Amino acid sequence: MFIAAPEDSADTARLYKSSADSQGFVMNLTRAWAWRPDVFEEFAALRSHLTTKSSLSKREQAVIVCATAAKLRDSYCSLAWGKTLAAEAGADLAAAVIGTSAHDGLSARDRALAEWARKVVANPNGTSSRDISALQAAGFAEKEIFEATVFIAFRLAFSTVNDALGVNPDWELAESVPKEVGAAVTFGRPPATKPR
(Lines give C-alpha, C1' and ligand atoms only; values in the text may rest on other atoms or scores of the structure.)
Protein backbone atom coordinates (compact mmCIF):
# COMPACT_ATOMS: atom_id res chain seq x y z
CA MET A 1 0.00 0.00 0.00
CA PHE A 2 1.04 3.59 -0.44
CA ILE A 3 1.27 4.38 3.28
CA ALA A 4 3.17 2.51 5.97
CA ALA A 5 1.36 0.59 8.66
CA PRO A 6 1.18 2.42 12.00
CA GLU A 7 3.44 1.60 14.89
CA ASP A 8 2.33 -1.32 17.01
CA SER A 9 0.05 -0.55 19.91
CA ALA A 10 -2.59 -2.29 22.00
CA ASP A 11 -5.22 -1.07 19.53
CA THR A 12 -3.39 -2.32 16.43
CA ALA A 13 -2.65 -5.64 18.16
CA ARG A 14 -6.36 -6.06 18.90
CA LEU A 15 -7.27 -5.32 15.28
CA TYR A 16 -4.60 -7.65 13.88
CA LYS A 17 -5.67 -10.45 16.22
CA SER A 18 -9.29 -10.05 15.16
CA SER A 19 -8.27 -10.31 11.49
CA ALA A 20 -6.06 -13.34 12.12
CA ASP A 21 -8.77 -15.06 14.16
CA SER A 22 -11.45 -14.54 11.50
CA GLN A 23 -9.37 -15.02 8.34
CA GLY A 24 -6.40 -17.12 9.43
CA PHE A 25 -4.02 -14.26 8.56
CA VAL A 26 -3.79 -10.50 8.97
CA MET A 27 -5.42 -8.96 5.92
CA ASN A 28 -3.57 -6.22 4.08
CA LEU A 29 -6.55 -3.90 4.43
CA THR A 30 -6.34 -4.30 8.21
CA ARG A 31 -2.89 -2.71 8.19
CA ALA A 32 -4.30 0.40 6.48
CA TRP A 33 -7.32 0.63 8.75
CA ALA A 34 -5.03 0.14 11.77
CA TRP A 35 -4.38 3.88 11.63
CA ARG A 36 -7.88 4.22 13.12
CA PRO A 37 -8.94 0.93 14.71
CA ASP A 38 -11.85 2.73 16.34
CA VAL A 39 -13.23 3.83 12.96
CA PHE A 40 -12.77 0.36 11.48
CA GLU A 41 -14.51 -1.34 14.40
CA GLU A 42 -17.40 1.13 14.48
CA PHE A 43 -17.81 0.91 10.71
CA ALA A 44 -17.83 -2.90 10.88
CA ALA A 45 -20.31 -2.85 13.75
CA LEU A 46 -22.69 -0.53 11.89
CA ARG A 47 -22.43 -2.62 8.72
CA SER A 48 -23.11 -5.76 10.76
CA HIS A 49 -26.11 -4.06 12.37
CA LEU A 50 -27.48 -3.24 8.93
CA THR A 51 -26.97 -6.70 7.43
CA THR A 52 -27.95 -8.92 10.36
CA LYS A 53 -31.26 -7.13 10.84
CA SER A 54 -32.06 -7.17 7.12
CA SER A 55 -34.27 -9.70 5.35
CA LEU A 56 -31.75 -9.73 2.48
CA SER A 57 -30.12 -13.18 2.45
CA LYS A 58 -26.38 -13.80 2.64
CA ARG A 59 -26.51 -14.70 -1.06
CA GLU A 60 -28.25 -11.44 -1.91
CA GLN A 61 -25.76 -9.44 0.14
CA ALA A 62 -22.93 -11.19 -1.72
CA VAL A 63 -24.56 -10.39 -5.07
CA ILE A 64 -24.75 -6.73 -4.05
CA VAL A 65 -21.08 -6.58 -3.05
CA CYS A 66 -19.82 -8.51 -6.08
CA ALA A 67 -21.74 -6.27 -8.48
CA THR A 68 -20.71 -3.14 -6.60
CA ALA A 69 -17.04 -4.08 -6.35
CA ALA A 70 -16.83 -5.22 -9.97
CA LYS A 71 -18.42 -2.00 -11.26
CA LEU A 72 -15.99 -0.02 -9.09
CA ARG A 73 -13.17 -2.25 -10.42
CA ASP A 74 -12.20 -3.21 -6.88
CA SER A 75 -10.32 -6.51 -7.09
CA TYR A 76 -10.01 -6.95 -3.31
CA CYS A 77 -13.72 -7.01 -2.49
CA SER A 78 -14.51 -8.85 -5.73
CA LEU A 79 -12.24 -11.70 -4.66
CA ALA A 80 -13.38 -11.73 -1.02
CA TRP A 81 -17.08 -11.57 -1.74
CA GLY A 82 -16.77 -13.67 -4.88
CA LYS A 83 -15.54 -16.41 -2.59
CA THR A 84 -18.56 -15.82 -0.33
CA LEU A 85 -21.01 -15.85 -3.25
CA ALA A 86 -19.38 -18.99 -4.65
CA ALA A 87 -19.98 -20.73 -1.31
CA GLU A 88 -23.62 -19.60 -1.35
CA ALA A 89 -24.51 -20.15 -5.01
CA GLY A 90 -21.61 -21.73 -6.90
CA ALA A 91 -18.39 -20.47 -8.46
CA ASP A 92 -19.84 -20.08 -11.98
CA LEU A 93 -22.65 -17.86 -10.71
CA ALA A 94 -20.22 -15.73 -8.67
CA ALA A 95 -17.98 -15.32 -11.70
CA ALA A 96 -20.98 -14.32 -13.81
CA VAL A 97 -21.98 -11.56 -11.37
CA ILE A 98 -18.41 -10.26 -11.25
CA GLY A 99 -18.05 -10.46 -15.01
CA THR A 100 -21.54 -9.04 -15.67
CA SER A 101 -22.52 -12.03 -17.81
CA ALA A 102 -25.79 -13.95 -17.86
CA HIS A 103 -26.20 -17.13 -15.83
CA ASP A 104 -29.20 -19.44 -15.67
CA GLY A 105 -28.79 -19.75 -11.90
CA LEU A 106 -29.37 -16.04 -11.29
CA SER A 107 -32.82 -15.44 -9.84
CA ALA A 108 -34.91 -12.41 -10.75
CA ARG A 109 -33.93 -10.98 -7.36
CA ASP A 110 -30.22 -11.58 -8.05
CA ARG A 111 -30.41 -9.86 -11.43
CA ALA A 112 -32.37 -6.91 -10.07
CA LEU A 113 -29.93 -6.40 -7.18
CA ALA A 114 -26.87 -6.64 -9.42
CA GLU A 115 -28.35 -4.16 -11.89
CA TRP A 116 -29.31 -1.76 -9.09
CA ALA A 117 -25.82 -1.95 -7.57
CA ARG A 118 -24.16 -1.20 -10.90
CA LYS A 119 -26.45 1.77 -11.53
CA VAL A 120 -25.86 3.22 -8.07
CA VAL A 121 -22.07 2.91 -8.49
CA ALA A 122 -22.06 4.33 -12.02
CA ASN A 123 -24.35 7.31 -11.45
CA PRO A 124 -26.56 7.59 -8.37
CA ASN A 125 -28.15 10.72 -9.82
CA GLY A 126 -29.07 8.76 -12.92
CA THR A 127 -31.44 6.36 -11.17
CA SER A 128 -35.19 6.75 -11.58
CA SER A 129 -38.50 5.47 -10.28
CA ARG A 130 -38.37 2.87 -13.08
CA ASP A 131 -35.35 1.31 -11.36
CA ILE A 132 -37.31 1.09 -8.11
CA SER A 133 -40.23 -0.42 -9.98
CA ALA A 134 -37.89 -3.08 -11.41
CA LEU A 135 -36.76 -3.97 -7.88
CA GLN A 136 -40.35 -4.12 -6.68
CA ALA A 137 -41.29 -6.34 -9.63
CA ALA A 138 -38.51 -8.72 -8.52
CA GLY A 139 -40.16 -8.95 -5.11
CA PHE A 140 -38.30 -6.38 -3.03
CA ALA A 141 -40.14 -4.36 -0.41
CA GLU A 142 -39.23 -0.70 -0.02
CA LYS A 143 -37.36 -1.39 3.23
CA GLU A 144 -35.21 -3.98 1.43
CA ILE A 145 -34.54 -1.51 -1.38
CA PHE A 146 -33.40 1.05 1.17
CA GLU A 147 -31.20 -1.51 2.93
CA ALA A 148 -29.65 -2.69 -0.33
CA THR A 149 -28.86 0.90 -1.28
CA VAL A 150 -27.26 1.63 2.09
CA PHE A 151 -25.22 -1.58 1.81
CA ILE A 152 -23.99 -0.47 -1.64
CA ALA A 153 -22.97 2.90 -0.18
CA PHE A 154 -21.14 1.21 2.72
CA ARG A 155 -19.21 -0.95 0.27
CA LEU A 156 -18.33 2.07 -1.86
CA ALA A 157 -16.94 3.87 1.18
CA PHE A 158 -14.92 0.88 2.36
CA SER A 159 -13.60 -0.02 -1.08
CA THR A 160 -12.69 3.57 -1.89
CA VAL A 161 -10.42 3.81 1.15
CA ASN A 162 -8.67 0.54 0.34
CA ASP A 163 -8.29 1.26 -3.37
CA ALA A 164 -7.12 4.86 -3.00
CA LEU A 165 -4.44 3.83 -0.52
CA GLY A 166 -3.14 1.13 -2.85
CA VAL A 167 -4.07 -1.87 -0.72
CA ASN A 168 -3.47 -5.06 -2.71
CA PRO A 169 -5.60 -8.15 -2.20
CA ASP A 170 -3.91 -10.71 0.03
CA TRP A 171 -2.07 -13.53 -1.70
CA GLU A 172 -3.76 -15.88 0.76
CA LEU A 173 -7.17 -14.66 -0.40
CA ALA A 174 -6.25 -14.92 -4.08
CA GLU A 175 -5.09 -18.51 -3.60
CA SER A 176 -8.25 -19.48 -1.73
CA VAL A 177 -10.91 -18.37 -4.22
CA PRO A 178 -12.39 -20.76 -6.78
CA LYS A 179 -10.56 -20.58 -10.10
CA GLU A 180 -13.70 -19.25 -11.84
CA VAL A 181 -13.83 -16.29 -9.46
CA GLY A 182 -10.11 -15.58 -9.80
CA ALA A 183 -10.41 -15.66 -13.61
CA ALA A 184 -13.33 -13.20 -13.53
CA VAL A 185 -11.36 -10.58 -11.57
CA THR A 186 -9.40 -9.04 -14.43
CA PHE A 187 -9.35 -5.51 -13.01
CA GLY A 188 -8.08 -3.50 -10.08
CA ARG A 189 -4.92 -4.00 -8.10
CA PRO A 190 -3.16 -7.36 -8.42
CA PRO A 191 -2.83 -9.60 -5.37
CA ALA A 192 0.22 -9.18 -3.18
CA THR A 193 3.13 -11.47 -3.98
CA LYS A 194 3.46 -14.61 -1.88
CA PRO A 195 6.63 -14.46 0.25
CA ARG A 196 9.32 -16.98 -0.64
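The values are calculated or read from the model by the stated rules, or taken from the named source; none is laboratory data. Since the structure is predicted, the reported quantities are computational estimates derived from the model, not experimental observations. FYI the Cβ positions are ideal-geometry reconstructions off the backbone, even for glycines, and counts take in every protein chain you see.
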*So which pairs qualify, if the first residue must be in region 92-121 and under 15 Å from Ile152 (Cβ atoms) and among the small types (Gly, Ala, Ser), the second must be crowded, with 18+ Cβ neighbours inside 10 Å and modelled with pLDDT under 95, the Cβ gap must be under 7 Å, and the two must be at least 6 apart or on different chains?*
none
*Could you please let me know if Thr51 is surrounded by fewer than 18 Cβ atoms within 10 Å (Cβ to Cβ) and among the β-branched types (Val, Ile, Thr)?*
yes
*asked:* Condition check: surrounded by fewer than 18 Cβ atoms within 10 Å (Cβ to Cβ), closer than 12 Å to Cys77 by Cβ and hydrophobic (A, V, I, L, M, F, W, C). Does Phe158 satisfy that?
replied: no
*Scan of region 123-162 for residues that are of a type in the set (Ser, Thr, Tyr) and either within 13 Å of Thr68 (Cβ to Cβ) or not in a helix (DSSP H, G or I) (or both), ordered by number*: Thr127, Ser128, Thr149, Ser159, Thr160
*Among the residues of region 175-186, how many are in contact with a helix residue (DSSP H, G or I) (Cβ under 6 Å, 6 or more places away or on another chain) and within 13 Å of Tyr76 (Cα to Cα)?*
4
*When region 151-161 is examined, which residues are found to be in contact with a Lys or Arg (Cβ under 9 Å, 6 or more places away or on another chain) and among the polar types (S, T, N, Q)?*
none
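Going by what's in this entry, would Ala13 be described as hydrophobic (A, V, I, L, M, F, W, C), without any contact (Cβ under 8 Å) to a residue 40 or more places away in the chain and out of contact with any Phe, Trp or Tyr (no Cβ under 7 Å at 6 or more places or on another chain)?
Details: hydrophobic (A, V, I, L, M, F, W, C): yes; without any contact (Cβ under 8 Å) to a residue 40 or more places away in the chain: yes; out of contact with any Phe, Trp or Tyr (no Cβ under 7 Å at 6 or more places or on another chain): yes.
Here the answer is yes, as Ala13 does meet what is asked.
How many residues does region 109-122 contain that are aliphatic (A, V, I, L, M) and either closer than 19 Å to Ser54 by Cα or assigned to a loop (DSSP other than H, G, I, E, B) (or both)? Working first, answer last.
Going through region 109-122, the residues aliphatic (A, V, I, L, M) turn out to be 112-114, 117, 120-122.
Now narrow it down to the ones that are either closer than 19 Å to Ser54 by Cα or assigned to a loop (DSSP other than H, G, I, E, B) (or both): 112-114, 117.
Here the count works out to 4.
Against the definition (in contact (Cβ under 8 Å) with a residue 24 or more places away in the chain and over 22 Å from Met27 (Cα atoms)), how does Ala134 come out, yes or no?
Numbers: in contact (Cβ under 8 Å) with a residue 24 or more places away in the chain: no; over 22 Å from Met27 (Cα atoms): yes.
When the stated conditions are applied, Ala134 does not pass them.
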*asked:* Tell me yes or no: at least one residue of region 53-75 is touching a Cys at 6+ places or on another chain (Cβ under 6 Å), of a type outside the set (Val, Ile, Thr) and either in a helix (DSSP H, G or I) or over 30 Å from Ala108 (Cα atoms) (or both).
replied: yes
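I'd like to know if region 134-141 contains one or more residues that are under 18 Å from the mean Cα position of the chain (by Cα) and either under 25 Å from Pro191 (Cα atoms) or surrounded by 19 or more Cβ atoms within 10 Å (Cβ to Cβ) (or both).
Keep residues of region 134-141 that are under 18 Å from the mean Cα position of the chain (by Cα), which gives none.
Checked against the condition, which is being under 18 Å from the mean Cα position of the chain (by Cα) and either under 25 Å from Pro191 (Cα atoms) or surrounded by 19 or more Cβ atoms within 10 Å (Cβ to Cβ) (or both), region 134-141 yields no hits at all.
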*asked:* Name the single residue that is surrounded by the fewest Cβ atoms within 10 Å (Cβ to Cβ) among those in region 79-131 being within 18 Å of Ala141 (Cα to Cα) and of a type in the set (S, T, N, Q).
replied: Ser129
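Kindly evaluate Ala95 against the criterion of being small (Gly, Ala, Ser) and over 13 Å from the mean Cα position of the chain (by Cα).
Values: small (Gly, Ala, Ser): yes; over 13 Å from the mean Cα position of the chain (by Cα): yes.
Yes: the conditions hold for Ala95.
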